[in-house]
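The values are calculated or read from the model by the stated rules, or taken from the named source; none is laboratory data. Quick caveat: nothing in here was measured; it's all calculated off a predicted structure. Every residue, glycine among them, receives a Cβ derived from its backbone with ideal geometry; neighbour counts consider all protein chains shown. Heads up: the accessible areas ignore ligands, DNA and RNA and are worked out on the full protein's heavy atoms, side chains in. Shrake-Rupley method; radii C 1.70, N 1.55, O 1.52, S 1.80 Å.
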Amino acid sequence: MSSYTPADFDFTFLEEGFCARDCVEQRINESSMSDDKDAFYVADLGDVLKKHLRWMRALPRVTPFYAVKCNDSRAVVMTLASLGTGFDCASKNEIQLVQSLGVDPSRIIYANPCKQVSQIKYASAHGVQMMTFDSEVELMKVARCHENAKLVLRIATDDSKAVCRLSVKFGATLKSSRLLLERARELGLDIIGVSFHVGSGCTDPETYSQAISDARCVFDMGAELGYNMTLLDIGGGFPGSDDSKLKFEEITAVINPALDKYFPADSGVRVIAEPGRYYVCSAYMLAVNIIAKKVVMKEQSASDDEDDGANDRTLMYYVNDGVYGSFNCILYDHAHVLPTLHKKPKPDERTHPCSIWGPTCDGLDRIVEQCILPDLPLGEWLLFENMGAYTVAASSTFNGFQKPDIHYVMSRSAWQRIQQISTQGLHGPIEEACPSDLPSCCRKESSLELPAKPCPAHVL
Ligand SMILES: Cc1ncc(COP(=O)(O)O)c(C=O)c1O
């Protein structure tokens, strides 16, 4: 892993005191000279490092297996591979991607309870042994196709308070867990543990403690049937940015005591998790350009203003990425996005009710139903933060629109820290973050107030 070079990642170094946001500014400034105003991302791999350090501080007993489905960008997977995380793969292609980066199969869990037979055979042929299941049919498939499988029983959770529910589709009840364990015993299969997912975008940390307690019941059932299980997989569901209602540390404050109660450190049970959103959401900023605009007059004005009637207008902005592209997160991930302005508005600048639309010919392609923005000219940029999770991974080129380019950046200190962790591991107390990962401009980041500094980054 330590043999990766910056060129393998294809990122640009950020110079001291500059942040990813500065690179967005630089690209926008450069574009003002040309007609090329395609939407683009700037992704800060140093932010992924920061998340990892935060994880290791807050959940020292839990090894993260990054959920590749959340964002399968090679640079992200490579960063996490260097940091020594494991990987949750949902399919043959994800296994291929992770293994192409030299990750040992023992660092992969094939965490899809319903797998195609040919893909189970692929996992078997490539040494991937850990895999989840939640049905008898899956057990029979695995018994036929993968003699070395180490199975993990996925149990259902009460994910009614999560933004994206998963237990409507996956997870065995406690009652059916016993039957599955009995059946696995008959088939001579090796069950090594239990997994669950509290739903993506979890809003109630108690869901984790209930699920950990349920997992304990299943471990005990397994013991009665002669299984000595050694793996607990607490899934994903962790927030990706500090904007979320529930903070990461509020969740970990519930998980840690639950683990200590039901799976104490001396229990011999290894604990892993499958965070996706947590690692990548805040690392990505998307810049989109206003390609068209329409002024719609309200039919009846509620305003008594005698001025130019500006309050009676709604502005419709059309930008060059939409719900069939990066903003698929609105449809699939129940995301609510709001833009920030690239240019600071004047203090007395009039604002208007606006809606923001994607570039395709479909009426469904609406990014923001209502927001307040100034009257912006064509060619102006809108910025969207926290765009790393469930965005690029599921976007399409519907209507022939290309996906935005992603420009990866990282500070030199982040790069050095990643290399150090990659070769020596994480030892001793874990520091907050590399100082230059948080340049002063980012620490007080308010996108409406940032200076438009040129980015002194250079391409390797
Ligand atoms: C099996 C599994 N693990 C992990 C994840 C990642 O979840 P999150 O992004 O909420 O951490 C998902 C998301 O759908 C999933 O299905």
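Observations on the model:
- Carbon and sulfur %, accessible surface of segment 31-147 computed with the full protein complex present, 1.4 Å: 48 percent
- Over the Cα atoms of segment 88-131, the radius of gyration divided by the Kirkwood radius equals 0.90; this is the Rg/Rh ratio.
- Compactness of segment 1-114 was expressed as the Cα radius of gyration divided by 2.2 N^0.38 Å, which yields 1.25.
- Over all distinct Cα-Cα pairs of segment 330-370, the Kirkwood formula returns a hydrodynamic radius of 12.4 Å.
- Against the chain, whose longest principal axis is taken from its Cα atoms, helix 74-83 shows a tilt of about 50°.
- The per residue volume of the convex hull around the alpha-carbon atoms of segment 56-195 is 121 Å³.
- Under the convention that each Lys and Arg Cβ holds +1 and each Asp and Glu Cβ holds -1, the size of the dipole of the chain around its Cα centre is about 1480 debye.
- Helix 412-424 vs. the chain, principal-axis angle (Cα, 0 to 90°, nearest 10): 10 degrees
- Rounded to whole Å, sorted largest first: equivalent-ellipsoid semi-axes of segment 154-219, Cα gyration tensor: 24, 11, 9
- Taking Cα centre as origin and charging only the Cβ of basic (Lys, Arg, +1) and acidic (Asp, Glu, -1) residues, the dipole magnitude of segment 142-208 rounds to 200 debye.
- Taken over the C-alpha atoms, segment 1-55 has Rg and Dmax values of 14.1, 42 angstrom.
- The dipole here belongs to segment 58-216: it is taken about the Cα centre, uses +1 on the Cβ of Lys and Arg and -1 on the Cβ of Asp and Glu, and is about 200 debye.
- Cα-only Debye scattering, segment 120-241: base-10 log of I(q)/I(0) at q = 0.09, 0.20 Å⁻¹: -0.24, -1.06
- Scattering curve values for segment 197-353, log₁₀ I(q)/I(0), Debye with Cα scatterers, q = 0.11, 0.20 Å⁻¹: -0.67, -1.25
- Relative intensity, log₁₀ I(q)/I(0), of segment 175-286 from a Debye sum that treats every alpha carbon as a point, q = 0.09, 0.16 Å⁻¹: -0.28, -0.76
- Translational diffusion of segment 324-413, µm² s⁻¹ [Kirkwood Rh, Cα pairs; Stokes-Einstein; 25 °C; 0.890 mPa s]: 165 µm²/s
- Along the axis of the charge dipole computed for segment 1-83 (Cβ charges of +1 for Lys and Arg, -1 for Asp and Glu, origin at the Cα centre), the listed residues Ile28, Met78, Trp55 are led at the positive end by Trp55.
- Taking the protein heavy atoms of segment 253-395 in the context of the full set of protein chains, the accessible area attributed to carbon and sulfur is 51 percent at 1.4 Å.
- Angstrom value of the Kirkwood radius, inverse mean 1/r, which spans all Cα pairs in the chain: 23.7 Å
- Helices in the chain, meaning DSSP H runs of at least 4 residues, each add -39500 (n - 2.57). Divided by all residues, the mean residue ellipticity at 222 nm is -9000 deg cm²/dmol.
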